[in-house]
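Colleague: Following this message is one structure expressed as structure tokens.
The values are calculated or read from the model by the stated rules, or taken from the named source; none is laboratory data. The structure displayed is predicted, hence computed values, not measured ones. Cβ atoms come from the backbone with ideal geometry, glycine included; neighbour counts cover every protein chain shown.
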Ligand SMILES: *[C@@H]1O[C@H](CO)[C@@H](O)[C@H](O)[C@H]1NC(C)=O
């Protein structure tokens, strides 16, 4: 029984969706990259993610460094602090919308740097943003997707949560039951020295 439960969990976490293309997304208009890309965001919810797995207490920090916007993403996994660092920029075809390229080393820390397109779907700069990632596999004719909700405070205010919930419900491609809402208690964020 235990094995079967485990297997089905793995399958659902890495589920790929059969399709001709990624869903059509509409990124936020009049995107203010400087207001977004400055300071700290706390990860409050996400789709199950193959990289972070059961990681908790995700913190995304942006910092301008000359011409470059640096990203630092940390999370706690098995009482260890994991860190992924890279750069963020607007996509060439972003126009005035919130379409970003994150260049991050995935896999092990010395892994190759992968550019991924990150779509900022909704943001109010002071409280929350919702973002979405989708990678289409030409050969397999399917895609892998991810979505996150980040917050300026460790927990979302009720007002911001209501805005996020409504956005997700109204969305044609986001699935509210896929979001895992993450705990924000100190115990989960504790790191072994
Ligand atoms: C939404 O997500 C849940 C949980 O992963 C899944 O069971 C359900 O099939 C999904 N619904 C759609 C329409 O994809």
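Colleague: Could you tell me whether region 149-162 includes any residue that is at pLDDT 95 or above, within 16 Å of the ligand (Cβ to nearest atom) and part of a strand (DSSP E or B)?
Modeller: So far as region 149-162 goes, yes, one or more of its residues are at pLDDT 95 or above, within 16 Å of the ligand (Cβ to nearest atom) and part of a strand (DSSP E or B).
Colleague: Just give me the residues in region 115-131 being loosely packed, with under 15 Cβ neighbours inside 10 Å and not in a strand (DSSP E or B), in sequence order.
Modeller: Of everything in region 115-131, those that are loosely packed, with under 15 Cβ neighbours inside 10 Å and not in a strand (DSSP E or B) turn out to be 124, 125, 126.
Colleague: Could you check region 26-52 and list, in sequence order, the residues that are away from the ligand (no atom under 16 Å from the Cβ) and assigned to a loop (DSSP other than H, G, I, E, B)? I'd like the intermediate steps shown before the answer.
Modeller: Let us first name the residues in region 26-52 that are away from the ligand (no atom under 16 Å from the Cβ), namely 26-44, 51-52.
Those that are away from the ligand (no atom under 16 Å from the Cβ) and assigned to a loop (DSSP other than H, G, I, E, B): 26, 27, 28, 29, 30, 31, 32, 37, 38, 51, 52.
Colleague: Six or more apart or on different chains, Cβ atoms under 8 Å: show the pairs whose first residue is in region 176-193 and free of Cβ contacts under 8 Å to residues at least 12 places away in the same chain and whose second is in a helix (DSSP H, G or I) and more than 13 Å from the ligand (Cβ to nearest atom).
Modeller: Close Cβ pairs satisfying both conditions: 176/165.
Conditions (1) within 16 Å of the ligand (Cβ to nearest atom); (2) surrounded by 11 or more Cβ atoms within 10 Å (Cβ to Cβ); (3) outside any helix (DSSP H, G or I), marked per residue:
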{"residue": "102", "(1), (2), (3)": "no, yes, yes"}
{"residue": "133", "(1), (2), (3)": "no, yes, yes"}
{"residue": "136", "(1), (2), (3)": "no, yes, yes"}
{"residue": "140", "(1), (2), (3)": "no, no, yes"}
{"residue": "173", "(1), (2), (3)": "yes, yes, yes"}
{"residue": "184", "(1), (2), (3)": "no, yes, yes"}
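Colleague: Just to be sure before I move on: is residue 179 more than 16 Å from the ligand (Cβ to nearest atom), within 17 Å of the chain's Cα centre (by Cα) and surrounded by 12 or more Cβ atoms within 10 Å (Cβ to Cβ) in the structure I sent?
Modeller: On the way: more than 16 Å from the ligand (Cβ to nearest atom): no; within 17 Å of the chain's Cα centre (by Cα): yes; surrounded by 12 or more Cβ atoms within 10 Å (Cβ to Cβ): yes.
Here the answer is no, as residue 179 does not meet what is asked.
Colleague: A follow-up question, please. Select from region 55-85 the residues that are closer than 17 Å to residue 192 by Cα and outside any strand (DSSP E or B) and write down the one among them that is nearest to the chain's Cα centre (by Cα). Please lay out each step first, then the result.
Modeller: The first filter runs over region 55-85 and keeps only residues closer than 17 Å to residue 192 by Cα, leaving 55-58, 74-83.
Still in the list and also outside any strand (DSSP E or B): 55, 78-79.
Working: 55: 12, 78: 20, 79: 21 Å.
By that ranking, first place goes to 55.
Colleague: Got at least one residue in region 46-57 being at positive phi, modelled with pLDDT under 90 and in contact with a helix residue (DSSP H, G or I) (Cβ under 9 Å, 6 or more places away or on another chain)? Break it down into steps so the answer makes sense when it comes.
Modeller: Quick first cut of region 46-57, residues at positive phi only: 53, 57.
Okay, now just the ones that are also modelled with pLDDT under 90, so 53.
Still in the running and in contact with a helix residue (DSSP H, G or I) (Cβ under 9 Å, 6 or more places away or on another chain): 53.
Scanning region 46-57 turns up at least one residue that is at positive phi, modelled with pLDDT under 90 and in contact with a helix residue (DSSP H, G or I) (Cβ under 9 Å, 6 or more places away or on another chain).
Colleague: Now for a different question. Let me spell it out: the conditions are (1) within 25 Å of residue 72 (Cβ to Cβ); (2) touching a strand residue (DSSP E or B) at 6+ places or on another chain (Cβ under 8 Å); (3) away from the ligand (no atom under 16 Å from the Cβ); (4) touching a residue at least 40 places away in the same chain (Cβ under 8 Å), and residue 116 meets all of them except one. Which number is the exception?
Modeller: (4)
Colleague: Counting just the residues of region 70-106 that are without any contact (Cβ under 8 Å) to a residue 40 or more places away in the chain and out of contact with any strand residue (DSSP E or B) (no Cβ under 9 Å at 6 or more places or on another chain), which one comes out farthest from residue 184 (Cα to Cα)?
Modeller: In this case the residue turns out to be 95.
Colleague: Yes or no: residue 37 without any contact (Cβ under 8 Å) to a residue 60 or more places away in the chain, closer than 21 Å to residue 124 by Cα and crowded, with 18+ Cβ neighbours inside 10 Å? Before you say what the answer is, go through the steps one by one.
Modeller: Details: without any contact (Cβ under 8 Å) to a residue 60 or more places away in the chain: yes; closer than 21 Å to residue 124 by Cα: yes; crowded, with 18+ Cβ neighbours inside 10 Å: yes.
When the stated conditions are applied, residue 37 passes them.
Colleague: Continuing with the same structure: Test of understanding: among 112, 97, which residue is buried (at least 17 other Cβ atoms within 10 Å of the Cβ) and over 17 Å from the mean Cα position of the chain (by Cα)?
Modeller: Numbers: 112 fails: buried (at least 17 other Cβ atoms within 10 Å of the Cβ).
Result of the check over 112, 97: 97.
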